[in-house]
1. Kindly establish whether G11 is touching a helix residue (DSSP H, G or I) at 6+ places or on another chain (Cβ under 9 Å), open to solvent by less than 30 Å² (accessible area, probe 1.4 Å) and either more than 18 Å from P112 (Cβ to Cβ) or modelled with pLDDT of 95 or more (or both).
2. What is the residue count in segment 68-96 for residues that are on the phi < 0 side of the Ramachandran plot, in contact with an Asp or Glu (Cβ under 8 Å, 6 or more places away or on another chain) and surrounded by 22 or more Cβ atoms within 10 Å (Cβ to Cβ)?
3. Looking at this structure, is D82 over 15 Å from the mean Cα position of the chain (by Cα), modelled with pLDDT under 90 and either closer than 25 Å to H9 by Cα or of a type in the set (A, V, I, L, M, F, W, C) (or both)?
4. Is at least one residue of segment 40-59 under 23 Å from R158 (Cα atoms), of a type outside the set (G, A, S) and modelled with pLDDT of 95 or more?
5. So, in segment 1-35, how many residues would count as being in a strand (DSSP E or B) and closer than 20 Å to D82 by Cβ?
6. Could you count how many residues in segment 60-87 are in contact (Cβ under 8 Å) with a residue 60 or more places away in the chain and in contact with a Gly (Cβ under 6 Å, 6 or more places away or on another chain)?
7. Do you know which of the residues in segment 137-164 that are hydroxyl-bearing (S, T, Y) and more than 11 Å from V99 (Cβ to Cβ) is least open to solvent (accessible area, probe 1.4 Å)?
8. Looking at segment 1-20, which of its residues are in contact (Cβ under 8 Å) with a residue 12 or more places away in the chain and charged (D, E, K, R)?
Amino acid sequence: LRVGLITNHTGRDRAGTSTIDLLHRAPGVRLVALFGPEHGIRGAAQAGEKVASGVDGATGLPVHSLYGATRVPTREMLRGIDVLVYDIQDVGARVYTYVWTMALAADSSNVPFVVLDRPDPVRADRAEGGVLDPAHASFVGLHPVAMRYGLTPGELLRWLANTG
């Protein structure tokens, strides 16, 4: 499969190897493009700083920014991709932009979307805080969920797909 990967510096296995490197070397997988959220694929950009598209120095793959000129993968960015994979650790707080990058990418892409669902390190069994008023939706709160929504990214995406 030709894979596009949405990730950042938190996408790692237990040994600390990045998902980028794992998929780049995986037999039967052809990693063809990377997609960077806020802070970029290596986590080097400051909060709110626009991230430019470019080329990943470690793999030579194109890196498409989803926190620059666009927040959704364009048709051109998705050309030649069979599946889009999302792998970013999440803490389950509505104000973090990573899950909204995931939601927008899943909603706008016309390719299968896979979430490498990781456990919430803070606790995904609790929902707390007010639910966002849709009138105040923004990229730090795109859908009406609680401040601490008590779901993993995959669970949140499934819930959004079933309620939207």
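1. yes
2. 1
3. Against the criterion (over 15 Å from the mean Cα position of the chain (by Cα), modelled with pLDDT under 90 and either closer than 25 Å to H9 by Cα or of a type in the set (A, V, I, L, M, F, W, C) (or both)), D82 does not qualify.
4. Going through segment 40-59, the residues under 23 Å from R158 (Cα atoms) turn out to be none.
No; the residues of segment 40-59 include none that is under 23 Å from R158 (Cα atoms), of a type outside the set (G, A, S) and modelled with pLDDT of 95 or more.
5. Here is the first cut: in segment 1-35, the residues in a strand (DSSP E or B) are 2-7, 12, 18, 30-35.
The next check asks that each one be closer than 20 Å to D82 by Cβ; those that pass are 2-7, 30-35.
Number satisfying all stated conditions: 12.
6. Residues in segment 60-87 being in contact (Cβ under 8 Å) with a residue 60 or more places away in the chain and in contact with a Gly (Cβ under 6 Å, 6 or more places away or on another chain): 3 in total.
7. Among those that are hydroxyl-bearing (S, T, Y) and more than 11 Å from V99 (Cβ to Cβ), it is S138.
8. Residues of segment 1-20 in contact (Cβ under 8 Å) with a residue 12 or more places away in the chain: 1-11, 19-20.
R2 - this is the single residue of segment 1-20 that is in contact (Cβ under 8 Å) with a residue 12 or more places away in the chain and charged (D, E, K, R).
The values are calculated or read from the model by the stated rules, or taken from the named source; none is laboratory data. The structure presented is a predicted model; accordingly, all values stated were derived computationally and were not measured. Reconstructed Cβ throughout: ideal geometry from the backbone, glycine too, with neighbour counts over all protein chains shown. Ligands, DNA and RNA are stripped out before the accessible areas are found, and what is left, the full protein with its side chains, is counted by its heavy atoms. Shrake-Rupley method; radii C 1.70, N 1.55, O 1.52, S 1.80 Å.
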